[in-house]
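*Asks:* This is the structure, below, for whatever I ask next.
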Amino acid sequence: MKLDYSHSELSEIIKGKEINTVPGKITMVIYDTRKMASNRKGVFFALQGKNKSGESFCKDAYDKGCRCFVVTMEVNLPEDAHIIEVSDSLRALQQLAKYHRTQFSIPVIGITGSYGKTTVKEWLYFLLKDEYKICRSPKSYNSQIGVAHSLLTIEEHHDLAIIEADISHPGEMEKLEEIIAPTLGVFTGLGKNYQENFENQKHHLNEHLRLFNSCNFTFISTDYHSVFRRRKINVIETHFSDESWKGLIPINAQFPENRALCFKVAEFLGLSQSILKKKALELPVLPGRMEVFEGINNNIIINDAYNIDIDALEQALEYQFTVQKKPKNIVVLSLFGVGEARRKRILSIVKRHSPDASFVLDQEEELPSELFAIRDATILFKGSFLSGLAEKVKQLKNRKHETWVKFDLNAIKNNLNFLKSCVPHKTKVLVMVKASSYGTGDTQIPYFLQENSIDYFGVAYTDEGATLRENGITLPVLVMNTEDEAFEDMVRHCLEPSIYSLHQLKRFEKFIEEKGLTDYPIHLKFETGMNRLGLDESAIEKVLEILTYSKTIRLKSVFSHLADADNSDQEFTKDQINRFKSVWVTMKDKVGDEVLFHILNSEGVVKFGKTAAFDMVRLGIALFGYTAKKHSSLQPAITWMTTIAQIKTLNEGETIGYARTYTAKKPMRIATLRIGYADGFRRILSNGKGGVYINGVFCPVVGNVCMDMTMVDVTNVDCGAGDEAEIIGEHQSMMDFAKQMQTIPYEVMTGINKRVARLYNG
Ligand SMILES: *Cc1c(COP(=O)(O)O)cnc(C)c1O
């Protein structure tokens, strides 16, 4: 169930007094009007800010289409606003969240502790995401507002919720426990620091433990055994040194205790040993809470501005000073809403690390201009969720990364292993890395593959092979398109030509002879149906004759290429394989055992890997997760993202972009994206032919795609400048996007312009 309550149901749920009643429905909750889309059937909760009452934003929310308001004092709004008065608007928001939570009878995991909550939440998500449809707190939304917000995102299709909770005052956890009503608990531990609002560490601990009052089981580290026993909480204990986790927690791994806890929970929820073993070693580093990205001026930005716990601050500082080694370290704090005593503690902790500079901001302040001049530094941003600092930090992002394509090396490795499992064990693997490895970059993927035990590389042209050699690739490289003019370069870089005619064979042999070389490796390409390049079967006899007498060249492989492997009708492909088999039968005994025969490309491997692999296969697109039909064992490895440069509001009748091909039929909100046809986001996507996902919602292109920018309709989407837009990723697959551009994944991949930043993670 998406949020879907009528105005009167809402009044009843939050037990408010209806000041003005207007029939209507709410489908979302709003408490920050800055990022609000227009035309929202939302309810605005006027929460108390530091300097301003929430009520002062009611008009803004009304102007953006909101017609339902929860307030604590009189407000002046037009007649068609449904107004509910309550004594405490935050409490009312929580009551709604609590009610919403009770609509679902799914397991809800509640996580607390003074550190590691977000890490544990993200790890659990990573471990269980293929087994469960999980709703989890966004980022580090663990405060009184954040928890309510998180719970309100539970929808009907979810079958597990993971919610983190944090407190800064006595009494708060009781409220969170009431609304989360967790069925399972996870306690991440208590650091040496406690918040100044608590009397002592024990007091702080006891308050945390209230979350687990009615949990069926709470997962804890054995270290906390006695504390929990005294409180009579049902626990399931584990310890990172337990025999069960042997080999799953690398020495020096971050947070070994919390890793063990996550494994225990995952096991409890039915994750198989084999999957656990595989995923345990791939837990993402520093997930969720801390965002680390390249900033302007060669800075590294650590954006940890979603909470201001003291332990998390220490962790972030430690990360900044030990992991990120830059000549300078800068700390930016937003201490909005932080009490005097805590403020002092925070400042003294920061001081202890002696950063080169530190800045302290208050709520509404813009970032100090000095920050924009800093270079070669690691800059840590730390502030509470309400400070809005996390948003402001985006201004310091490196422009170059405003549009980027990311390659997931773990997925590529998984795909390689899967494809290897499709062919007999001894089959060799050649990977085609032509066109800069299908547009992924000149050398990163080849280098990664070379480390992951493949046997051969293939490229289209000699220059591409030369680039590989210049960048430390030492595996043999097969060049598909052999040009006479490139013989010299071919030999200089130890590249191996594919020979596709008798004339070419003779010319190359002569060239090698003149060079005074012997035993130079070559490959023969045969025609079996592609009708592009290749020797005819009838040439075999002549070829063998030349090879038998030649001392200068040595045959390494014989191959052909499939023309129609993607077709679900396999007749033509089978016919090609048979024609190749006949070449194999004729040649095999005469050329010797070392000569490798190969015909299968990616698609061929998936369909005929068990029967027609011969001695080697040539992989390409499937390494990135793509085959003609989506294959469940292949993981998509590519994410393509851009960002919003600006949001505009249009009146009815205004037009958008070059040639004014789109006219607003009603007032609308559009976002200008930092991507255009020069990036490979082709012009054919104009005017609704294509689109992107922003915050999980599809946004069609409006107007013509420009060279460097594109406008999309975000009238119904909550978003702001700096937000990310997904071109290919979780919501929009490569296949879907390729269809919008009326092409195939190969062309999408190789069409992404060089100016788009390439990121590799793994
Ligand atoms: C590109 C190419 C491949 C790989 O094709 P995929 O469909 O990407 O697997 C194999 N062999 C030759 C000759 C190629 O040109």
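The values are calculated or read from the model by the stated rules, or taken from the named source; none is laboratory data. All of these numbers come straight from a predicted model, not from anything done at the bench. In this analysis, Cβ positions are derived from the backbone assuming ideal geometry, glycine residues included, and neighbour counts consider all displayed protein chains. Ligands, DNA and RNA are stripped out before the accessible areas are found, and what is left, the full protein with its side chains, is counted by its heavy atoms. Shrake-Rupley method; radii C 1.70, N 1.55, O 1.52, S 1.80 Å.
*Asks:* Using just the helices of the chain, give the 222 nm mean residue ellipticity in deg cm²/dmol: DSSP H runs with n ≥ 4 each add -39,500 (n - 2.57), and the total is spread over all residues, rounded to 500. Mind dumping the intermediate values first?
*Replies:* On the way: 24 runs with 227 residues, N = 762.
Calculated at 222 nm, the ellipticity per residue is -8500 deg cm²/dmol.
*Asks:* A further question on this structure: Which cross-chain or sequence-distant (5 or more) residues have an amide H under 5 Å from the amide H of Ala721, H modelled 1.01 Å from N in plane?
*Replies:* Excluding prolines and chain starts, which carry no amide H, the hits are Ile647.
*Asks:* Place +1 on the Cβ of every Lys and Arg and -1 on the Cβ of every Asp and Glu in the range 36-137, take the dipole about the Cα centre, and give the residue among Asn76, Ala97, Phe45 whose Cα lies farthest towards its positive end.
*Replies:* In the range 36-137, that residue is Ala97.
*Asks:* Between the range 17-83 and the range 688-762, how many Å separate their Cα centres?
*Replies:* About 33 Å separates the Cα centre of the range 17-83 from the one of the range 688-762.
*Asks:* Solvent-accessible area per residue for the range 420-495 at a 1.4 Å probe radius, Å²? Working shown, then result.
*Replies:* Numbers: 3190 Å² over 76 residues.
Per-residue accessible area for the range 420-495 comes out at 42 Å².
*Asks:* Points 7 angstrom from Cα along the Cβ direction at Thr750 and Lys25: gap in nanometres?
*Replies:* Going by the 7 Å Cα→Cβ label model, 4.9 nm.
*Asks:* May I pose another question? If one takes the longest principal axis of the Cα atoms in the chain, at what angle in degrees, from 0 to 90 and to the nearest 10, does the Cα axis of helix 502-515 lie?
*Replies:* Relative to the chain, helix 502-515 is tipped by roughly 90 degrees.
*Asks:* Mind running the shape call on the range 456-537? Use the C-alpha gyration tensor, a ≥ b ≥ c as the square roots of the eigenvalues: rounded below 1.5 for a/c, prolate if a/b tops b/c, oblate otherwise. All intermediate terms of the calculation are to be shown ahead of the outcome.
*Replies:* Details: a/c = 2.07, a/b = 1.23, b/c = 1.68.
It is oblate, given that a/c is not under 1.5 and a/b is not larger than b/c.
*Asks:* Per residue, how much accessible area does the range 18-123 have with a 1.4 Å probe, in Å²?
*Replies:* On the way: 4390 Å² over 106 residues.
Value returned for the range 18-123: 41 Å² of accessible area per residue.
*Asks:* Return the carbon/sulfur percentage of the accessible area of the chain, one whole number, probe 1.4 Å, all protein chains in place. Each step should come with its number before you reach the end.
*Replies:* Details: 16480 of 33480 Å².
With neighbouring chains kept in place, the figure for the chain is 49 percent.
*Asks:* Report, ordered by chain and residue number, the lysines lying within cross-link reach of Lys175, taken as a straight Cα distance under 19 Å and ignoring same-chain residues fewer than 8 apart.
*Replies:* Output for Lys175: Lys15, Lys98, Lys117.
*Asks:* Separate question: With all protein chains present, calculate the accessible area of Arg507 using a 1.4 Å probe and round the result to the nearest 10 Å².
*Replies:* Accessible surface of Arg507 is approximately 100 Å².
*Asks:* Using θ = phi - 60° and the Karplus form 6.51 cos²θ - 1.76 cosθ + 1.60, what ³J(HN,Hα) does each residue of the range 643-658 get, whole Hz, x for Gly and Pro?
*Replies:* Values per residue, Gly and Pro as x: 9, 7, 7, 7, 10, 10, 10, 10, 8, 3, x, 6, 10, 10, x, 4 Hz.
*Asks:* With an 8 Å Cα cut-off and a minimum separation of 6 or more residues, compute the relative contact order for the range 215-313 in percent. Intermediate results must be reported in sequence, preceding the final value.
*Replies:* Values: 80 pairs, mean separation 17.7, N = 99.
18 percent.
*Asks:* With +1 on each Lys and Arg Cβ and -1 on each Asp and Glu Cβ, how big is the dipole of the range 314-414 about its Cα centre, in debye rounded to the nearest 20?
*Replies:* On the way: 18 positive and 13 negative charges, 84 e Å.
Around 400 debye, computed over the range 314-414.
*Asks:* Where does each of 627-635, 742-750 land if you order them by average Cβ count within 10 Å, highest first?
*Replies:* Values: 627-635: 14.6, 742-750: 17.6.
In descending order of packing, they fall as 742-750, 627-635.
*Asks:* Could you go through the range 10-16 in sequence order and give the Karplus-derived ³J(HN,Hα) for each residue, using 6.51 cos²θ - 1.76 cosθ + 1.60 with θ = phi - 60°, rounded to whole Hz, and x for Gly and Pro?
*Replies:* Each residue of the range 10-16 in turn: 4, 4, 5, 4, 9, 6, x Hz.
*Asks:* Let's test the formula: R0 of 30 Å, r as the Cβ-Cβ distance of Arg554 and Lys406. What FRET efficiency results, to the nearest 0.05? Kindly include the intermediate steps, with their values, before the conclusion.
*Replies:* On the way: r = 42 Å, r/R0 = 1.39.
Approximately 0.10, to the nearest 0.05.
*Asks:* Considering only DSSP beta bridges where both residues belong to the chain, give the percentage that are antiparallel (nearest 5).
*Replies:* Working: 37 of 112 bridges.
Counting DSSP beta bridges with both partners in the chain, the antiparallel share is about 35 percent.
*Asks:* If you don't mind, there's one more thing I want to ask. Give the angle, between 0 and 90 degrees and rounded to the nearest 10, that separates the Cα long axis of helix 117-128 from the longest principal axis of the Cα atoms of the chain.
*Replies:* Around 40 degrees separate the two axes.
*Asks:* Quick one: how many Å² of Tyr99 are accessible to a 1.4 Å probe, rounded to 10?
*Replies:* 90
*Asks:* Now, a different point. Could you tell me whether the range 325-398 comes out rounded, prolate or oblate from its Cα gyration tensor? Rule is a ≥ b ≥ c as square roots of the eigenvalues, rounded for a/c under 1.5, then prolate if a/b exceeds b/c, otherwise oblate.
*Replies:* Since a/c reaches 1.5 but b/c is at least a/b, the shape of the range 325-398 is classed as oblate.
*Asks:* Something else now. Taking 8 Å as the Cα distance limit and 6 or more residues as the minimum spacing, I'd like the relative contact order of the range 682-750 as a percentage. Mind showing how you got there, number by number?
*Replies:* Details: 98 pairs, mean separation 20.5, N = 69.
Reported as a whole number, the value is 30 percent.
*Asks:* I would also like to ask the following. Which aspartates and glutamates, if any, have their Cα less than 16 Å from the Cα of Lys630, not counting same-chain residues under 8 positions apart?
*Replies:* Answer for Lys630, where 16 Å is the Cα cut-off: Asp566, Glu603, Glu730, Asp736, listed by chain and number.
*Asks:* With bins 10 Å wide starting at 0, give me the P(r) of the chain over every alpha carbon pair, in whole percents.
*Replies:* 2, 12, 18, 22, 19, 13, 8, 5, 2, 0, 0
*Asks:* Identify, among Thr655, Phe407, Phe511, the residue whose Cα sits farthest towards the positive end of the charge dipole of the chain, taking +1 on the Cβ of Lys and Arg and -1 on the Cβ of Asp and Glu, with the dipole about the Cα centre.
*Replies:* After comparing all options, I get Phe407.
*Asks:* State, as an integer percentage, the relative contact order of the chain based on alpha-carbon contacts under 8 Å between residues 6 or more apart. Working shown, then result.
*Replies:* Details: 1527 pairs, mean separation 68.7, N = 762.
This gives 9 percent for the chain.
*Asks:* Further, regarding this structure: Cross-link candidates for Lys64: which lysines have Cα within less than 18 Å, leaving aside residues fewer than 8 places away along the same chain?
*Replies:* The qualifying lysines are Lys25, Lys35, Lys41, Lys648, Lys665, Lys666.
*Asks:* List the residues, sorted by chain then number, that are 5 or more residues from Gly458 or on another chain and whose placed amide H is less than 5 Å from its amide H.
*Replies:* Here Val431, Met432, Val433, Leu478 satisfy the definition.
*Asks:* Further, regarding this structure: Give the peptides 307-317, 688-698 in descending order of average Cβ contacts within 10 Å, highest first. Kindly include the intermediate steps, with their values, before the conclusion.
*Replies:* Details: 307-317: 22.0, 688-698: 18.5.
Per-residue Cβ counts within 10 Å, averaged per peptide and sorted highest first, yield 307-317, 688-698.
*Asks:* Could you quote the convex hull projected area for the range 501-608, Cα atoms only and averaged over all directions, in nm²?
*Replies:* Working: hull surface 28.0 nm².
Its Cα hull, projected and averaged over all orientations, spans 7.0 nm².
*Asks:* Another question, then. Each residue of the range 150-167 in turn: what ³J(HN,Hα) in whole Hz from Karplus with 6.51, -1.76, 1.60 and θ = phi - 60°, glycine and Pro shown as x?
*Replies:* Karplus values, whole Hz, x for Gly and Pro: 4, 5, 6, 8, 5, 10, 4, 7, 6, 10, 7, 10, 10, 10, 9, 9, 9, 9.
*Asks:* Taking a ≥ b ≥ c as the square roots of the Cα gyration tensor eigenvalues, with a/c under 1.5 meaning rounded and otherwise prolate when a/b beats b/c, else oblate, which class fits the range 183-224?
*Replies:* On the way: a/c = 3.11, a/b = 1.69, b/c = 1.84.
Note, shape of the range 183-224 comes out oblate.
*Asks:* What's the angle, to the nearest 10 degrees (0 to 90), between helix 340-352's Cα axis and the longest principal axis of the chain?
*Replies:* 30
*Asks:* Which pairs in the list Lys434/Lys574; Lys278/Lys525; Lys129/Lys246; Lys2/Lys129; Lys52/Lys344; Lys264/Lys413 are over 29 Å apart, alpha-carbon to alpha-carbon? Mind dumping the intermediate values first?
*Replies:* Working: Lys434/Lys574 26 Å; Lys278/Lys525 40 Å; Lys129/Lys246 23 Å; Lys2/Lys129 20 Å; Lys52/Lys344 25 Å; Lys264/Lys413 27 Å.
Pairs exceeding the cut-off: Lys278/Lys525.
*Asks:* Averaged per residue, what accessible area in Å² does the range 125-202 show with a 1.4 Å probe, protein chains only?
*Replies:* Accessible area per residue, the range 125-202: 37 Å².
*Asks:* Roughly speaking, what is the stretch gain from His169 to Asp63, that is 0.36 nm per residue apart minus the C-alpha to C-alpha distance, in nm to one decimal?
*Replies:* Working: separation 106, 0.36 × 106 = 38.16 nm, distance 3.58 nm.
Using 0.36 nm per residue and subtracting the Cα-Cα distance, I get 34.6 nm.
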